[in-house]
1. What list do you get for Val255, Val99, Val94 if you sort them by fewest beta carbons within 10 Å?
2. Given the options Thr101, Ser49, Gln322, identify the residue whose Cα lies farthest towards the positive end of the charge dipole of the chain (+1 on Cβ of Lys, Arg; -1 on Cβ of Asp, Glu).
3. For segment 137-249, state what percent of all Cα-Cα pairs lands in each successive 10 Å bin, counting from 0 Å until the bin that includes the largest distance.
4. For segment 109-185 and segment 197-273, what is the separation of their Cα centres, given in Å?
5. Excluding same-chain residues fewer than 8 positions from Lys196, which lysines have a Cα within less than 25 Å of its Cα?
6. Let me understand segment 160-311 better: what is its radius of gyration from the alpha carbons, and its Dmax, in angstrom?
7. For segment 39-324, give the magnitude of the charge dipole about the Cα centre (Cβ charges: +1 Lys/Arg, -1 Asp/Glu; no others), in debye to the nearest 20.
8. Let me check the size of segment 187-275 from its C-alpha atoms; what are the radius of gyration and Dmax in Å?
Amino acid sequence: MKFNLLHKYVIIGMFFLGALIMYFYSMQTVTTFPRKHWNFQSIDTMKYSRDRAREMFSDPKYANQVEVQVSNIANTGASYMAIDTPYDDEFKPVLALWVRTARKHNLRIWFRGNFAGWEQWFGYAQIDQKTHTEKTQAFIRKNASLFEDGDIFSACPECENGQHLATGNINEVIAYRRFLISNYQASKAAFKEINKNVASNFYSMNLDVAKAVMDQNTTRALDGMVVIDHYVKSPQELAQDVVNIAQLTGGNVVVGEMGAPIPDIHGPMTNEQQKKWLLDSLLLLSSIDSLKGVNYWVNRDGSTALWNDDNSPKPAVEIIKQFYGGE
């Protein structure tokens, strides 16, 4: 009798122990890695919203493509979408289409366009710093309806590309700092005039430029924000560079562009290798307190694309969803 009772208790104990093990195993497999909600989590649309901007006027399928792409981005849990359409009047209908579609899908917008003349896009004539700042203020004042509170506006992403800045020339660096600060003050004042709470201090730049330009005084003048567009081979290097630039500048950091593969940097990657690279990168980045957000470049049509040409998702989209909070 005693043996049978003991045997019964052993069986019951083993049953509950097995159930407990299975529970923890199932939890581990469901939540393989943690979700991280940055203040700013975005996906960039440059290849379509900028590079193909003129196609809207001749391609009847352009608007449908915008709808599909924006819907896909929204489903990842992204809080922002980066739109790179130029700010010139010619492209206003294109920009308005992207903005309307983003609002429909409850996305805030990071405006990452520029005036086409800054880098002479689409055959536009070169403009200088003074003209750029004047045009920036005029654009904001004239287009108040495009903006909503919480949006982000970059007057000049990777501004160094239109200036051919020599980072080893201290006089050029000092002049460039003055331009960025003046441009920011002008855009900030314009948003105050139209009564919109839009951040306009996201001047993304390559890491070597940030190291030369963003000293602590300049960082403070830009209200403590440093934005780097950064492509490197390893996730470890990416994360360490973010830590280093935060320490150097004393500011908060946003990764304005990141992605893989860039053929000259990463070489060829399979879809599974891209997924693994992105997982490793976001896991490391998610542990950095000074990092306030990331913008994955790009959604479609580039080597780093998250979606195929038919808008079907690559495996890396699942990683974005895990970290951005999508379903």
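Every number in this text was worked out from the coordinates using simple rules, so none of it is lab data. Just so it is clear, the structure is predicted and the values come from calculations on it, not from any experiment. A quick note on method: Cβ atoms are made from the backbone with ideal geometry, for glycine too, and the neighbour counts reach across all protein chains shown.
1. Ranked by crowding around the Cβ, least crowded first: Val99, Val94, Val255.
2. Working it through, the farthest residue towards the positive pole turns out to be Gln322.
3. Calculated over all Cα pairs of segment 137-249, the distribution is 13, 42, 31, 13, 1 percent.
4. Here the answer is 18 Å between Cα centres.
5. Result set, ordered by chain and number: Lys92, Lys104, Lys130, Lys135, Lys142, Lys188, Lys292.
6. Using the Cα atoms of segment 160-311, the pair Rg, Dmax is 16.9, 49 Å.
7. It works out to roughly 720 debye.
8. Reported Rg and Dmax, both Å: 15.8, 49.
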